[in-house]
1. With viscosity set to 0.692 mPa s and temperature to 37 °C, compute the Stokes-Einstein D of the chain, Rh being the Kirkwood radius across alpha carbon pairs; µm²/s, no decimals.
2. Taking θ as phi - 60°, what are the ³J(HN,Hα) couplings along the stretch 112-120 by the Karplus curve (6.51, -1.76, 1.60), each to the nearest whole Hz, with x for Gly and Pro?
3. In percent, what relative contact order does the chain have, based on Cα pairs under 8 Å that are 6 or more apart in sequence?
4. For the stretch 67-115, what does the alpha-carbon gyration tensor say about shape, rounded, prolate or oblate, given a ≥ b ≥ c as the root eigenvalues, a/c under 1.5 as rounded, and a/b over b/c as prolate?
5. Please say if the stretch 84-143 is rounded, prolate or oblate, where rounded means a/c under 1.5 for a ≥ b ≥ c the square roots of the C-alpha gyration tensor eigenvalues, and otherwise the choice is prolate for a/b larger than b/c and oblate otherwise?
6. Calculate, for the chain, the solvent-accessible area per residue in square angstrom, rolling a 1.4 angstrom probe over the heavy atoms of the protein chains.
7. As a test, work out the antiparallel percent of DSSP beta bridges whose residues both lie in the chain, rounded to the nearest 5.
8. Specify the inter-centroid distance of the stretch 90-107 and the stretch 127-145, based on alpha-carbon positions, in whole Å.
Amino acid sequence: PKVQEVCIYFENDLYRGNRTSKVNAEDFEAFNSFNYLPLAEAGVHIKYNKNKIHKRKKEAFEVFTELEENVVILKLFPGITKEVVQAIFRIEGLKGVVMETYGSGNATTKKWFLDELRIAIDKEITIFNVTQCLAGSVIQGKYETSSAFNELGIISGKDITTEAAITKMMYVLAKYKTKTQIKSKLATSLAGEMSK
């Protein structure tokens, strides 16, 4: 097969599954891949974007069914309170948080917020920083409002979608046990889900 990866075919476009978001509940243009071109476009002929198709390694196909379910998405918003953030980070057994930040990965710089992040990381909770925007990328440290994240050990999700980030975190936290392995795997593209 020309395309050996999980895809979404909708309307006339074939998208990489882990780079695609559902953007409309009613229209026929219901899916989009804002940070990655379609793998193929169908018309009278199928036009493949060959340089965008994932090249599979020559290893045996493996299905991994164990997922870490003790994860959550924390969507930041202006006026979010300390109590809301504490409630999330104090969930019993929590292992990972996908933190949806503003723009290129920014958040409030209030002391209480940074303290809560520090406490969570000290408790071995993994925090993965993704943007709330449909297109673009997290660039931690680009602005002052994200400069502390690198020092704290928060992992940049670059241009990964929230959907792919939560799935990747569930997989990585189940498969890898050391902090170094987890950080390395989350920060690296495993199946084309994020730019390198």
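1. D, rounded to a whole number, is 182 µm²/s.
2. Going residue by residue, I get 4, 5, 5, 5, 5, 4, 4, 4, 4 Hz, with x marking Gly and Pro.
3. Relative contact order for the chain comes out at 19 percent.
4. Verdict is oblate for the stretch 67-115.
5. prolate
6. 59
7. Just about 50 percent of them are antiparallel.
8. Answer, in whole Å: 12.
The values are calculated or read from the model by the stated rules, or taken from the named source; none is laboratory data. The model shown is predicted, which means the values in this text are computed figures rather than measured ones. Cβ: placed from backbone, ideal geometry, glycine included. Neighbour counts: every protein chain shown. Heavy atoms of the whole protein, side chains included, go into the accessibility calculation; ligands, DNA and RNA do not. Shrake-Rupley method; radii C 1.70, N 1.55, O 1.52, S 1.80 Å.
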